[in-house]
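For reference, the structure is listed below as structure tokens.
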Amino acid sequence: MRTSTTKLGAAIKSARKSKKLTQMELSEELGITPRYLQGIENENKTPSYGLLFRILSYLDIPADSVLAPHESLFSPELEQLLYFIHYKCNQREISVLLSTAKALVNTREEVS
């Protein structure tokens, strides 16, 4: 079972890469050194609560996904997607996403 810090490093790295940010770019945005960010991503360093909040906010990572004591059933990418849908989308956008997902599944089933 992974610890929450292991999950934190993986979630930060995954979210950073999905936003197409280098460690240098993200560290500049956060006001830390790239080496310190690398340490956080590799689970060698633990950020302060203030820095952790800035990282999670900037990368749109739900705090409970990395701080909850239980192991999540979802990958960091899926948790981030669910966060966006739940907190950033309005009802119309959610309907569009749902229709798109259904169409993708139907297309995949037709091809199989």
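The values are calculated or read from the model by the stated rules, or taken from the named source; none is laboratory data. Every value quoted in this text rests on a predicted model; they were computed, and no experiment measured them. Note: areas computed on protein heavy atoms with side chains; ligands, DNA, RNA excluded. Shrake-Rupley method; radii C 1.70, N 1.55, O 1.52, S 1.80 Å.
Over the chain, what lengths in whole Å, largest first, do the semi-axes of the equivalent ellipsoid take, defined as the square roots of 5 times the eigenvalues of the alpha-carbon gyration tensor?
30, 16, 14
With a 1.4 Å probe and every protein chain kept in, tell me what percent of the accessible surface of the chain is carbon plus sulfur. Please list the in-between numbers first.
Values: 4460 of 7710 Å².
Carbon and sulfur atoms account for 58 percent of the accessible area of the chain.
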| Å² per residue, accessible surface of the range 43-112 at 1.4 Å | 76 Å²
| message | Mean-square fluctuation check for the chain, GNM, Cα pairs under 10 Å: which of GLU43, GLU93, GLU29 is largest? | response | GLU93
| query | Picking from ALA101, ALA63, ALA11, which is most flexible by a Gaussian network model of the chain using Cα springs under 10 Å? | reply | ALA101
| said: I need to check one value: relative contact order of the chain, counting alpha carbon pairs closer than 8 Å and at least 6 residues apart, in percent. | reply: 29 percent
